[in-house]
2 protein chains.
Amino acid sequence: MNTKTRVINYILSLLIGLNFIGITEAKEKVVDITAFGANSGDGSDTAPAVCAALEQCKKIRARKLVFPKGRYDFRPDRASEKYVYVSNNDESLKRIAFLLSGIENLEIDGQGSEFIFHGFIAPFVLDHAKNITLKNFSMDWVRTFHSEGVILDVKDDSVDVFFSEQFPYRIENGTLVFTDSDRIVYPFGSWLEFDSRKRETAYQAQDYGTRQNIQAQEISKGRVRLMRPKLKATVGNVFVFGAGHRLCPGITISDSINTKITGVNIYHCGGMGVIVQRSNNIELDQVKVTPSLNSGRILSITADATHFVNCTGKIIMSNCLFENQKDDATNIHGIYARIIKQLAPNEIEVKLVHPQQHGFDFIKPGIKLELVHSPSIITYGEAVVKSVLRLNKEFTRVVFKADLPKEMVEGDAVASLEGYPEVNINHCIIRNNRARGILLGSRAKMVIEDNTFHTPGAAILFEGDARYWYEQAGVRDCIIRRNLFDNCNFGVWGNACIQVGSGIEKSCQAISRYNRGIVIDDNTFRIFDPRLLNIYSVDGLIFRNNKIEKSIDYPAQNQNAKPFEINNCDNVKIEEK
Amino acid sequence: MNTKTRVINYILSLLIGLNFIGITEAKEKVVDITAFGANSGDGSDTAPAVCAALEQCKKIRARKLVFPKGRYDFRPDRASEKYVYVSNNDESLKRIAFLLSGIENLEIDGQGSEFIFHGFIAPFVLDHAKNITLKNFSMDWVRTFHSEGVILDVKDDSVDVFFSEQFPYRIENGTLVFTDSDRIVYPFGSWLEFDSRKRETAYQAQDYGTRQNIQAQEISKGRVRLMRPKLKATVGNVFVFGAGHRLCPGITISDSINTKITGVNIYHCGGMGVIVQRSNNIELDQVKVTPSLNSGRILSITADATHFVNCTGKIIMSNCLFENQKDDATNIHGIYARIIKQLAPNEIEVKLVHPQQHGFDFIKPGIKLELVHSPSIITYGEAVVKSVLRLNKEFTRVVFKADLPKEMVEGDAVASLEGYPEVNINHCIIRNNRARGILLGSRAKMVIEDNTFHTPGAAILFEGDARYWYEQAGVRDCIIRRNLFDNCNFGVWGNACIQVGSGIEKSCQAISRYNRGIVIDDNTFRIFDPRLLNIYSVDGLIFRNNKIEKSIDYPAQNQNAKPFEINNCDNVKIEEK
């Protein structure tokens, strides 16, 4: 063996040695939260311990952060802080209990613990994180972002409601203001009646009001008279006063890779339960969005249970329960930015229009964008980005590698063509929430199987538009099989169990084919309302082997409506048994 | 010459050559805003042009950015954006017309231009900038952040006011809401009566209300009845409804060195006019804070004209006019952070308590802090910072190089000992604004000379406290000479022309000597109210060669009060002529 060989061998042995040590150490590297001053059950603030423990995890590349089973309280005071733009929720400088920024290969195991939050704090934010698992804990709040009042009396010009001590309030200058023991105000936006017996939105109930200034009088402790005429309400039911903002989503995942959430109960949060943006591969298994049993509340969380924006790779949701939340169970889509003006043959200025999309910077040099006409949402071209100048969270100037098509007009939109997520939603229960079940808008394969739906609106909705919500959608290969649609459409948010709601201008529906390749196979529809399917501008849909059962669980309505409302579609095959 | 020498000479010549080119180029490097698409007078948005021009200035190291004389409009839409913490103003994600971040050696010359702003946009933010001059322009808004209503009728239970089209409003659910042509809401906090003839705060007028929900009715276009009983008001005077927030200060200077502002008229802004924090050397010459003549408004800006926090080097203000603004003309002080708890013999957790001090990160490794007892504001120790852990904008953990004194208790405070600014305020006119004239709190030499004061509160106030405002003050060498105090104290914000208002607990005033070394020499006091001086806890004050003139310009009041109210002081010498 010559010197050179000896040196190489020595270096190799060092490398192997280091690697070997690395592996063994990593296996043992478990960080226990109690080593950082966290005490379960004593009400003390766990946020600083998490902060320190995550620093340690980063430092020693720990594989696990564990919580001995117990109750851990989290307050905003000493929590981490970051200005976060969260799609479909509200941007803000947020206090965050678990800020996993750039962290890799970590499992956070609550071992069955309860995480209890106080005030305006966001539980989890993953940002440029990789291989993160969150498991075995529940999250709840001492004071919810929404409020619930039991309806005591309904008159022509007023309704009396009763607020338990869970929902502190005060009457300020004759208007109702929700607060907490620290006198922090919890703004509300609209309110909605829930059926307290069925524990779901009341039959055909509508959202009331959009402003926070309801004239109100306190009649006695907890009993408040809402001075608004002609409210439709049933004594014994519950008015849910929705949270005015979505500042504290449960789990926010941004620009991250490989995230798994399992055995997590989201009893409450102030925004969406799990919101995932610009991330690759997300799996939810046994995630439950539901009101905590001992709270007696009728609402779980204040917005969608889950939501996925511009994601790629795989989205898997298995064995989940999404119930009683204030909005849809999921929505999987991309984002359109509006073309404001053409600055040069190969340059445009675009705007993120919807305020809850501000700061959603998805346009990067090198990526391919589609160009669509907004009224039809028809894609007429593609363009590769050369450079990007972000003016601010709304406006961005984009230079392309080649000149843009002549047919481009201001008001058109662009969206990413850089991959869509494959989706599998299976063995989930979706029920009793406001609005719809699942909104499907990925152009990769989507499989929806073995789920149960009981939603006041459509169970499955194909949306997408480039003029209002600016959500890029349009499925290409979507299988809906072996699901139970159980008495859907008892509310006001839909017109069939499975429905297209894409924002295509009436005059364009004949030429647009926004959704394609849908198979609805081997499902059971239990219906009191005949409307099974309402679609337009679809190319390719098969409806086959489905069982239709009549139900009398709700007042019969729309008895003369067609089960299949199909307009401006090609290649639709309906096989009724 | 050997090879080595030749190489060295060659390199030297290259270096000299490069340097020489650098200097000549820099001398010529003037950037004209019109080269970037700015058009004066056409109402188009100048913000994107400024953005691009500043980029160019940075790139070519330009010495000047010039505006051909004209009117330039600035809108928030495409302006730069940054989350800014501004002491004594409101933090937020701000749109900024001129964001000078890290820019050096630049003069921005408006050449007499008007800069007109629309909506929520901050005109200037200097951040880590060096050698910046701002000159020869005015700033104003199309819609002010405050509103003014002429008092038409005063009844026991209501007051009718008239709003001109300058101050759009609407009645929403029976309450008064100020708005603009874009229906953006302009929240207000409190309101105050101004004397429309004298163009100053009305004699003995007080701030009314702190909430935005005044019950109101529109009687006819522009005429609004405010349903609030027992308002004191005089027909013909003006109610000024103060801006609810301080989000858009005129010129914000943070962590910068050598800033000069000259020939700048600040007709309006939504916050302080010039707010300077953690900066070294600032000169204001011929800066005028005043309502624009052709607007007919009675209020200039919505908060203090100027304000300096934790500054060092020199602060010079010459030939300035500070009138009709909604708060003091200046306030020069440091910041105390409250000691929340001791974590180790050499470690504490501190909090920035006042919300408008959040994010004011002044504690850095290596600096020296003073330790003070909050009730007395007595400094009992010093400590050198070893390391700092910022939890968030409120809480910071500080480790010191040595153990802390035993007498330290939780609730004490810390402030920087790293230098104070020498101050010279000369030939300024300060008048007609709400509250006080100048608040002096630097421990370096302060010279206040040849100014004219006509303020409803104290003309000169020595403040500072560690329990409410958390403003570090306490002068050591302060000369007040050749000033005219012209009928001060016609309002409710003071008890003498020159006054101590430091927040020292009553029981501590006998032992505390917070302000020291004050000389009041050769001034003229024109007074309708006998109270000249009201001080406590001062060590060293000389009052000499001052001329006292009696006036009948305001109703006589406090005729039995003592001209000199001196309590718990040492070494005070009053020489009356």
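A few notes on this one:
- For the rotational copy relationship between B and A, the axis lies nearest to a chain B beta carbon, identified with its distance in whole angstrom as B:83, 3.
- Check: region B:420-576 dipole with +1 on Lys, Arg Cβ and -1 on Asp, Glu Cβ, in debye: 100
- For region B:233-279 and region B:518-573, distance of Cα centres in Å: 30
- Each copy carries a label point for residue A:217 at 7 Å from Cα toward Cβ; from one copy, the others' points are 1.9 nm away, ordered from shortest.
- In the protein assembly as shown, the DSSP beta bridges split such that about 35 percent are antiparallel, to the nearest 5.
- Segments A:248-255, B:307-314, B:394-401 sorted - mean Cβ within 10 Å per residue, highest first: A:248-255, B:307-314, B:394-401
- Flagged links, alpha-carbon separation over 23 Å, of B:288/B:547; B:351/B:406; B:135/B:288; A:69/A:326; B:232/B:326; B:314/B:393: B:288/B:547; A:69/A:326; B:314/B:393
- Modelled label positions at residue A:552 and residue B:223, each set 7 Å beyond Cα in the direction of Cβ, lie 6.6 nm from each other.
- Less than 5 angstrom separates the built amide H of residue B:386 from those of B:366, B:399, B:400, B:401, all sequence-distant by 5 or more or on a different chain.
- The residue A:35 and residue A:155 beta-carbon pair, evaluated with R₀ = 51 Å, returns a calculated FRET efficiency of approximately 0.30.
- Here, chain A is characterised by an Rg to Rh ratio of 1.01, where Rg is the alpha-carbon radius of gyration and Rh the Kirkwood radius.
- Where both bridge residues fall in chain A, DSSP classifies roughly 35% of the beta bridges as antiparallel.
- Packing-based order for B:154-163, A:567-576, B:108-117, using average beta carbon neighbours within 10 Å, highest first: B:108-117, B:154-163, A:567-576
- Shielding of B:168-174 by partner chains, average beta-carbon count, 10 Å: 2
- Shielding by partners - mean other protein chain Cβ count within 10 Å, residues of B:72-82: 3
- If you plug the beta carbon distance of residue A:69 and residue A:319 into 1/(1 + (r/R0)^6) with R0 = 22 Å, you get a FRET efficiency near 0.50.
- Across A:155/A:221; A:130/B:82; B:29/B:130, pairs whose alpha-carbon gap is larger than 22 Å: A:130/B:82
- Rounded to the nearest 20 debye, the dipole size of the protein assembly as shown about its Cα centre is 1600 debye, using +1 on the Cβ of Lys and Arg and -1 on the Cβ of Asp and Glu.
- Atom-type composition of the exposed protein surface of chain A places 49 percent of the accessible area on carbon and sulfur (1.4 angstrom probe).
- Each helix, a run of at least 4 DSSP H residues, gives -39500 (n - 2.57); summed and divided by the residues of chain B, these come to -2500 deg cm²/dmol at 222 nm.
- Residues whose amide H falls under 5 Å from that of residue B:119, counting only those 5 or more places apart or on a different chain, are B:142, B:143, with hydrogens built in the peptide plane.
- Cα→Cβ-extended label distance, 7 Å offset, between residue B:293 and residue A:203, nm: 7.5
- Expressed to the nearest 5 percent, the antiparallel share of DSSP beta bridges inside region A:409-531 is 5 percent.
- Calculated over region A:147-243: convex hull of Cα atoms, volume per residue (Å³): 91
- Each part reduced to its alpha carbon centroid, region A:454-503 and region B:444-514 end up 68 Å apart.
- Computed from the alpha carbon positions, the gyration tensor of region B:420-576 leads to an equivalent ellipsoid with semi-axes of 22, 17, 16 Å, biggest first.
- Calculated P(r) of the protein assembly as shown - Cα pairs past 58 Å, %: 22
- Shown for residue B:548: label points 7 Å from Cα along the beta-carbon vector, and their distances to the equivalent points in the other copies, 10.1 nm in ascending order.
- Take the Cα of residue A:524, step 7 Å toward its Cβ, do the same at residue A:387, and the gap between the two points is 6.2 nm.
- Close amide H pairs (under 5 Å, H built 1.01 Å from N) link residue B:546 with B:522, B:523, B:577, residues at least 5 positions away or on another chain.
- Protection proxy ranking, highest mean first, for peptides A:452-460, B:35-43, B:529-537, A:374-382: A:452-460, B:529-537, A:374-382, B:35-43, where packing is the per-residue count of other beta-carbon atoms within 10 Å, averaged.
- Rounded accessible area per residue of region B:473-570, 1.4 Å, Å²: 40
- Comment: the Cα-to-Cβ extended label point of residue B:204, at 7 Å, lies 6.5 nm from its counterparts in the other copies, nearest first.
- Label-zone membership for region A:353-383, site residue B:83, 7 angstrom Cα→C-beta point, backbone N under 16 Å: A:358-361
- For residues of A:388-395, the mean tally of beta carbons on other chains within 10 Å: 5
The values are calculated or read from the model by the stated rules, or taken from the named source; none is laboratory data. Predicted, not measured: the structure shown is a model, and the values here were computed from it. Reconstructed Cβ throughout: ideal geometry from the backbone, glycine too, with neighbour counts over all protein chains shown. To get the accessible areas, we keep the full protein, side chains included, count just its heavy atoms, and leave off ligands, DNA and RNA. Shrake-Rupley method; radii C 1.70, N 1.55, O 1.52, S 1.80 Å.
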